[in-house]
Amino acid sequence: MNDENMIEFFIPLKSPPTVTHQEHKVRVFHGKPVFYDPPELKAAKQLLIGHIMDHRPKEPLQGPLRLTTKWIWNADKGHQDGEPKITKPDTDNMIKLFKDCMTFCRYWKDDAQVFSEITEKFWGIHPGIYVKIEEVE
């Protein structure tokens, strides 16, 4: 695999967002359910999109993709650098929001192309999100 088939970057953040895709809200309008994003979810989407937009490919990636993300929270309150984070949010909920933002930014045509996903949470001295996307032949 060459560099043309891979995108890799780090998003430095004071703290990765803890709000998840699960936090959509619903209200009834004219007897029909209408889903909407509460302010915290909108802010998290804007934060992520603002950081990932600069790294997007010129054209959406093709074919099967492997997505690796490492979410790093500030190692304070007795946590060691590199220690696994085993508190909320759950990885399956937080990656959905991230993938939706990547779809919005046109990293790929459809997040169904992501056939392999590695999502890890850690405490660390450099908080943020490490991202690697690989086109797999």
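Nothing in this text is a laboratory measurement; each read-out follows from the coordinates by a stated rule. Treat the numbers as computed from the prediction; the structure is a model and nothing was measured. Cβ sites come from the backbone with ideal geometry, for glycine too, and all protein chains shown count toward neighbours.
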Selection from segment 114-128 of residues that are surrounded by fewer than 19 Cβ atoms within 10 Å (Cβ to Cβ) and either out of contact with any helix residue (DSSP H, G or I) (no Cβ under 8 Å at 6 or more places or on another chain) or under 17 Å from G78 (Cβ atoms) (or both): F115, S116, I118, F122, I125, H126
Any hit, segment 78-87, residues being surrounded by 15 or more Cβ atoms within 10 Å (Cβ to Cβ), in contact with a His (Cβ under 9 Å, 6 or more places away or on another chain) and among the basic types (K, R): yes
Odd one out for C101, checked against (1) surrounded by fewer than 19 Cβ atoms within 10 Å (Cβ to Cβ); (2) touching a helix residue (DSSP H, G or I) at 6+ places or on another chain (Cβ under 9 Å): (1)
Residues of segment 64-75 classified as within 26 Å of E4 (Cα to Cα) and either assigned to a strand (DSSP E or B) or within 12 Å of the chain's Cα centre (by Cα) (or both), total: 7
In segment 41-63, the residues that are over 13 Å from the mean Cα position of the chain (by Cα) and within 17 Å of I129 (Cα to Cα): A43, D54, H55, R56
